[in-house]
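Below is one structure, written out as structure tokens; the observations come after it.
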Amino acid sequence: MAVAFRSAGASAANSASGNITPAMPSGFVADDILILLVETANQAVTTPDGWTALDLNPINATSTTLRIYWLRATGSEAAPTITGAADHTIGQILAFSGCVTSGNPFDSDRQSTVLTSASTSVTFPS
């Protein structure tokens, strides 16, 4: 079975300090992989219980940080609360089906470089 995008939950955001709770995607089932994306103003957040941070965390720029977490679904997960940022925070959860059913679902979770300025070219590590 090929990996396929299943659905996206509604995003959650705040423009100042405070927790957010992104909505769970609809229709996810056991063994789907849930991806949680969290962007802040270069501030740390607490990893939600049960979620695993990818080793490329955080992806930093000069004024924003993107953190990526994953979770293998059991089919009964509740929406996580993201805490810790003192400035704006936005988060969303995506569900994917057809993923491997054990171990880390990512072939690679390393990032060698991050661009901190605008660019029109892309380089992918081998």
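At a 1.4 Å probe radius, carbon and sulfur cover how many percent of the accessible area of segment 1-53? Numbers along the way, then the final one.
On the way: 1410 of 2670 Å².
Percent of accessible area from carbon and sulfur atoms in segment 1-53: 53.
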Please report the relative contact order for segment 1-99, taking Cα pairs under 8 Å with a sequence separation of at least 6, and give it as a percent rounded to a whole number. 49
With label points set 7 Å from each Cα along the Cα-to-Cβ direction at V100 and S119, the distance between them in nm comes to 2.8
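For T81, what is the net charge nearby, where nearby means another residue's Cβ is under 15 Å from its Cβ and Lys, Arg count +1, Asp, Glu -1? Intermediate values should be presented prior to the final figure.
Numbers: positive: R67; negative: D49, E77.
Computed value for this residue: -1.
The values are calculated or read from the model by the stated rules, or taken from the named source; none is laboratory data. Everything quoted here is computed from the prediction, not taken from an experiment. We place every Cβ from the backbone using ideal geometry, glycine too, and count neighbours over all the protein chains shown. Only protein heavy atoms, including side chains, enter the accessible area calculation; ligands, DNA and RNA are left aside. Shrake-Rupley method; radii C 1.70, N 1.55, O 1.52, S 1.80 Å.
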